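Encoded as structure tokens, here's the structure I'll be asking about.
Since every read-out is calculated from the coordinates, none of them should be taken as a lab result. This structure is a prediction, so every number in the text was calculated from the model and none was measured. Every residue, glycine as well, gets a Cβ built from its backbone with ideal geometry; the counts of neighbours run over all protein chains shown.
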Amino acid sequence: MKLSALHLLLLLVFAACGDDAASEQVDAAPPVDARILTDATRKACSSAMDSCESEAYERVCDVARSFCVECLVLADCAGEEALGPRCQEADNTCRCTAHDDCQGNIGGGYCHPIASACGCLSIDDCPADSECEIEPYLGTSIRRCRPL
């Protein structure tokens, strides 16, 4: 079987393009909750020097890993400023599972369905003396109530 120059050219073009099944998988935007990606930026701590109190959310020293985390046990997520009332022990984050979990949380009464963090959708979800602002700690566009 003799291939013409056109056939060879088409064969080379299709071979170069390929049919990569992986190309159908799109690497979309970053995760909605970037807390799991922050290990490198976490503040160091130790049993001799527990210095996590100054952190906004990571107020507990994980002595085994030597850095501050949001929680180690359920009680660590009990504060009204926590991102949720449940400690996700797999990644040491405080999370919510329903809007009811966020009632009384100063961040807002809305439980973000993907990030599982208490927050706000609008100023209507916040106390009178606060505003609904993007939460930089979460690394995304999730909003939380902030005092004016």
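Based only on Cα atoms, what mean projected area does the convex hull of segment 41-148 have, in nm²?
Details: hull surface 26.7 nm².
Mean orientational projected area (segment 41-148, Cα hull): 6.7 nm².
GluC sites (Glu not before Pro) within segment 69-139: which are DSSP loop residues with at most 15 other Cβ atoms inside 10 Å?
Numbers: sites: 70, 80, 81, 89, 131, 133; in loops: 70, 80, 81, 89.
Answer in residue order: 80, 81, 89.
Determine the sum of side-chain charges near residue 77: Lys and Arg each +1, Asp and Glu each -1, restricted to other residues whose C-beta is under 9 angstrom from that of residue 77. Walk me through the numbers before you get to the answer.
Values: positive: 86, 95; negative: 70, 76.
Once positives and negatives cancel, what remains is 0.
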